[in-house]
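What follows is a short report on a single structure.
The values are calculated or read from the model by the stated rules, or taken from the named source; none is laboratory data. Quantities reported herein were computed from a predicted structural model and do not represent experimental measurements. Here the Cβ positions follow ideal geometry from the backbone for every residue, glycine too, while neighbour counts run over all protein chains shown.
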Amino acid sequence: MRLGKIMYIQWLAAVFLSVFLGLGQAHAAIVSSINVEGNERVDASTVTAYFPVMVGDNVDDVILNEAVKRLFDTGLFRDVRITQTNGQVRIIIAENPVVSRIYFEGNDALKTEELEAELTLKERTVFTPSRAEADARRILNLYQRSGRYAAKVEPKIIERDQNRVDVVFEVFEGEKTYIENIGFVGNEAFDDGDLRGQILSEEYSFLRSLFSAAAVYDQDRLAVDREKIVQFYRANGFADITVDPAFVRISDNEEAFSIVFTIIEGPQYTFGKFDVVTRLPGVDPEYLKTLVEAEEGDVFSQLVVDDADEHITLIAEERGYAFAEVRTSESKNRETRVIDMTFELLEGRKVFIERIDIIGNVRTRDNVIRREFDIVEGDPFNRTNLRIAQRALERLNYFSKVEVSETAGTAPDKVVVVVKVEEQSTGELSLGAGFSTVDSYVASVGLKERNLLGTGRTLDASFSIGSTSTQIDVALIEPYLLGRDVSGSLDVFIIEEDFEDESSYESSDTGFTLGMGFNLAEFNRLKLSYTLKQEEITDVPSTASLSIQESEGEFLISTLSATHTHARDFIRFGPEAGYSISSTIDWNGVGGDVTYVQTRLKASGNYEIFDDVNAKIVGEVGQIFTYGGYDSRINDRFQLGGFQLRGFERAGIGPRDSVSDDSLGGEKYTVVRSEVDFPLGLGEDFGFRGAAYADAGTVWGVGERGSTTNVVGDEAKMRAAVGVGLIWTSPFGPLRFNLSYPVLEESFDKTETFQFSAGTRF
């Protein structure tokens with residue numbers, strides 16, 4: 001018998017006894033005394049406080065019966081009887097027991113701590129059967145949310161002495177209940193596969209179940225899926241779309257669900273006329289119309305409407321109308337299937353920033369936070385600038401949480417900006433390991449503090465060792481040099497590299513770099529630096545190319561560098577959409593032993609061409625200009641191959657000594673890398689993506705030092721390769737496999753069909 005039924009029977013019995021044994025002899029009377037009997041833990045004053053009668057009151061059977069119900073409703077008592085004789089009232093109670101211990105039996109899939117969090121019953125609190133039943137239902141709901149719909153939970157009571165009980169929740173977990181089939185009824189414009197791609201729930205497969213919980217039945221997730229289907233249809237012109245709540249059927253063995261969404265598509269609409277109505281001073285409605293990225297006759301899309309709403313709001317905010325509101329209305333013509341859109345921009349008040357309050361920073365100084373804001377007290381309130389500042393604070397990676405909000409100021413036209421941050425550890429000890437077909441193995445250890453003493457400075461020290469290189473690097477970065485928006489840096493380094501396989505030599509660099517960077521204009525930044533290093537080329541065998549033998553020795557290199565970068569991102573076109581163009585010039589010859597100028601130009605672009613399908617392209621060119629009678633050395637020249645030009649080994653193309661087979665590099669190069677990456681249909685939780693790529697490039701010009709009778713390939717002949725890749729964001733680090741096929745090559749080039757790279761940090 002269920003505990004709830006037991007409680008109900010006890011209550012009926014108590015009422016029956018009270019009415020027919022006690023009250024059946026009672027008549028209306030004046031209360032002369034009230035006595036409480038049977039209480040052990042509950043004080044008599046507590047009982048009488050709940051008792052709706054006082055000495056001197058006139059009572060009858062009806063009043064006393066109501067008193068029994070009221071005392072039962074407290075949950076403190078399992079039995080209540082009231083008698084009245086000649087005005088003397090006796091309240092005879094039996095207290096509910098106290099919970100001594102709570103146990104769980106049979107729970108393996110869910111931890112005891114998770115189940116305890118669902119309980120209202122606690123140790124040393126009053127026990128009632130209804131609370132135990134309610135807690136059992138909560139635990140059952142928890143199991144069902146985790147996909148175990150066959151679970152059962154039964155509360156059991158073990159009586160102890162001193163009116164105490166142990167509560168045992170016996171759990172039968174059952175197996176996870178998966179989604180066997182997801183179907184759709186009424187869809188004509190899109191097939192089942194299209195719609196399955198829009199929802200979160202997935203059909204069960206063994207491989208998918210290892211990495212994703214999306215195939216486990218979840219009622220809440222189905223509600224989200226229904227909304228996603230609606231959004232998808234409205235994004236494709238179906239403005240009358242209705243989707244009924246999912247019909248769910250469980251198999252006879254209660255191990256799998258079949259889910260069916262019933263869809264009424266309605267007609268597909270096109271956009272009609274667009275109208276923007278506003279009375280905001282300084283805001284041109286005709287200009288606002290241009291923000292709608294659709295034309296009359298285009299297929300209706302809710303995404304276009306939402307995007308236009310956001311853009312119009314942003315324009316208003318930029319004009320200082322922080323609280324402007326856009327009301328969107330649709331006028332449907334079901335006969336012509338045309339929707340006219342009206343965007344009404346309502347006037348808000350212009351407000352100004354009274355002050356900026358910063359909360360939550362214990363370690364980080366206020367000025368480190370304030371300098372990320374492009375606004376100060378007294379400026380017009382602009383929510384767009386606040387969003388930019390919030391993103392800037394988040395990118396600092398000093399805080400686990402950043403909230404920027406506004407509250408009312410001391411006047412209607414004033415607001416207070418509140419910046420609430422939660423600091424996180426900014427110190428980092430990292431260990432890394434990796435392997436690739438290009439660099440073989442590499443291991444590293446790093447120590448980094450991103451917010452040194454709360455000043456916003458970065459101290460970064462690292463050591464790495466691999467099959468082809470060893471590097472020690474210590475850098476100090478000041479993002480706001482002398483309190484200005486100018487970054488400064490000092491980098492001290494020791495680098496040793498092994499090029500014996502490619503060019504029969506080893507090299508080492510020891511030196512430092514001083515740098516500073518600042519913004520020239522929006523999206524444009526200039527970095528200036530000076531590097532002084534001692535470079536040594538060693539271990540050159542007598543069989544090496546003459547060009548490399550002549551490069552052997554020690555050299556002092558003094559370099560002035562300038563890099564200009566123009567970069568923009570377009571978040572609304574994809575998570576990483578944008579482009580970057582950078583140009584670098586290195587002047588080697590401010591003292592030292594080498595005199596040449598090196599120039600490089602690099603352009604890259606990313607774009608989401610379809611949903612979760614990303615295109616990337618990178619182009620690079622570079623050239624060395626020697627002067628003062630200086631001839632370029634092997635270390636000065638460019639090399640191409642490996643991951644720089646897939647399909648070819650590291651330093652696998654360009655001028656080469658035909659006798660020693662040493663790669664000589666070139667004073668000029670150009671390369672273009674293009675790639676499209678896409679999901680493989682296994683779900684995000686698997687971490688697998690595919691890629692298709694095409695690379696092309698060449699390097700040439702060995703200079704006077706490299707000109708020997710044995711040189712081949714000193715021509716600007718293009719090489720190219722195409723290939724496919726498999727990318728896996730595995731639990732132990734990113735892995736990538738490339739399979740390349742060279743389509744343009746020279747006979748002396750070193751090609752590479754298969755490339756593999758793996759790495760992790762912990």
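A few comments on the model shown:
- Check on Val243, in the same structural domain as Glu188 (by TED's automatic domain parsing) and within 30 Å of Asp192 (Cβ to Cβ): yes
- Within the stretch 671-683, considering residues that are small (Gly, Ala, Ser) and touching a residue at least 12 places away in the same chain (Cβ under 8 Å), the one surrounded by the fewest Cβ atoms within 10 Å (Cβ to Cβ): Ser674
- Condition met for Val185 (surrounded by fewer than 14 Cβ atoms within 10 Å (Cβ to Cβ), of a type in the set (Val, Ile, Thr) and either under 30 Å from Ile34 (Cβ atoms) or touching a residue at least 40 places away in the same chain (Cβ under 8 Å) (or both)): yes
- Residue in the stretch 737-747 that is nearest to Thr698 (Cα to Cα), counting only those that are assigned to a strand (DSSP E or B) and free of Cβ contacts under 8 Å to residues at least 40 places away in the same chain: Val743
- Filtered residues of the stretch 263-316 (kept if among the small types (Gly, Ala, Ser), within 15 Å of Phe343 (Cβ to Cβ) and over 34 Å from the mean Cα position of the chain (by Cα)): Gly272
- Applying the criterion of at least 2 residues that are more than 30 Å from the chain's Cα centre (by Cα) and at pLDDT 90 or above to the strands (runs of 3 or more DSSP E) found wholly in the stretch 425-533 leaves 469-478, 486-498, 506-521.
- Scanning the stretch 88-129 for residues that are outside any loop (DSSP other than H, G, I, E, B) and of a type in the set (Gly, Ala, Ser) yields a count of 2.
- Of all residues in the stretch 151-176, those satisfying the criterion of being assigned to a loop (DSSP other than H, G, I, E, B) and either surrounded by fewer than 17 Cβ atoms within 10 Å (Cβ to Cβ) or in contact with a Lys or Arg (Cβ under 8 Å, 6 or more places away or on another chain) (or both) are Asp161, Gln162, Asn163, Glu173, Gly174, Glu175, Lys176.
- Considering Glu310, Glu330, Glu317, Glu293, the condition of being outside the structural domain of Ala239 (by TED's automatic domain parsing), at pLDDT below 90 and surrounded by 14 or more Cβ atoms within 10 Å (Cβ to Cβ) is satisfied by Glu317 alone.
- Residues of the stretch 406-421 that are part of a strand (DSSP E or B) and modelled with pLDDT under 90: Glu406, Thr407, Ala408, Lys414, Val415.
- Candidate set from the stretch 245-257 (those that are more than 31 Å from the chain's Cα centre (by Cα) and exposed (fewer than 15 other Cβ atoms within 10 Å of the Cβ)); member that is modelled with the highest pLDDT: Phe247
- Condition met for Glu105 (under 30 Å from Lys176 (Cβ atoms), in contact (Cβ under 8 Å) with a residue 12 or more places away in the chain and not β-branched (Val, Ile, Thr)): yes
- For Val415, the conditions (1) within 28 Å of the chain's Cα centre (by Cα); (2) under 30 Å from Leu314 (Cα atoms); (3) surrounded by 17 or more Cβ atoms within 10 Å (Cβ to Cβ) all hold with the exception of (1).
- Against the test of being touching a Leu at 6+ places or on another chain (Cβ under 8 Å) and of a type in the set (D, E, K, R), the options Glu406, Glu295 yield a single qualifying residue, Glu406.
- Residue within the stretch 590-603 that is under 32 Å from the mean Cα position of the chain (by Cα) and of a type in the set (S, T, N, Q) present: no
- From Asn367, Asn361, residue being among the polar types (S, T, N, Q), outside any helix (DSSP H, G or I) and out of contact with any Asp or Glu (no Cβ under 6 Å at 6 or more places or on another chain): Asn361
- Condition check for Val62: outside any loop (DSSP other than H, G, I, E, B), assigned by TED's automatic domain parsing to the domain that holds Ile34 and surrounded by fewer than 19 Cβ atoms within 10 Å (Cβ to Cβ): yes
- The set of residues in the stretch 370-402 that are farther than 17 Å from Glu318 by Cα and either more than 16 Å from the chain's Cα centre (by Cα) or assigned to a helix (DSSP H, G or I) (or both) comprises Arg370, Arg371, Glu372, Arg391, Ala392, Leu393, Glu394, Arg395, Leu396, Tyr398.
- Residue that is modelled with the lowest pLDDT, among those in the stretch 16-58 that are outside any loop (DSSP other than H, G, I, E, B) and among the hydroxyl-bearing types (Ser, Thr, Tyr): Ser18
- Residue in the stretch 573-583 that is outside the structural domain of Asp307 (by TED's automatic domain parsing) and either in contact with a Cys (Cβ under 7 Å, 6 or more places away or on another chain) or without any contact (Cβ under 8 Å) to a residue 12 or more places away in the chain (or both) present: no
- Answer from Glu377, Glu394, Glu403 - the residue that is of a type in the set (Asp, Glu) and either crowded, with 18+ Cβ neighbours inside 10 Å or at pLDDT 90 or above (or both): Glu403
For (1) surrounded by fewer than 17 Cβ atoms within 10 Å (Cβ to Cβ); (2) in contact with a Lys or Arg (Cβ under 8 Å, 6 or more places away or on another chain), each residue gets a yes or a no:
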| site | (1), (2) |
| --- | --- |
| Thr599 | yes, no |
| Val613 | yes, no |
| Gln623 | yes, yes |
| Tyr630 | no, no |
| Arg633 | no, yes |
| Leu645 | no, yes |
| Pro655 | no, no |
| Ser660 | no, no |
| Tyr669 | no, no |
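- The residues listed here are Gly272, Gly348; of these, the one that is at pLDDT 90 or above and of a type in the set (Gly, Ala, Ser) is Gly272.
- Against the test of being farther than 30 Å from Ala151 by Cα and small (Gly, Ala, Ser), the options Ala94, Ala132, Ala109, Ala117 yield a single qualifying residue, Ala94.
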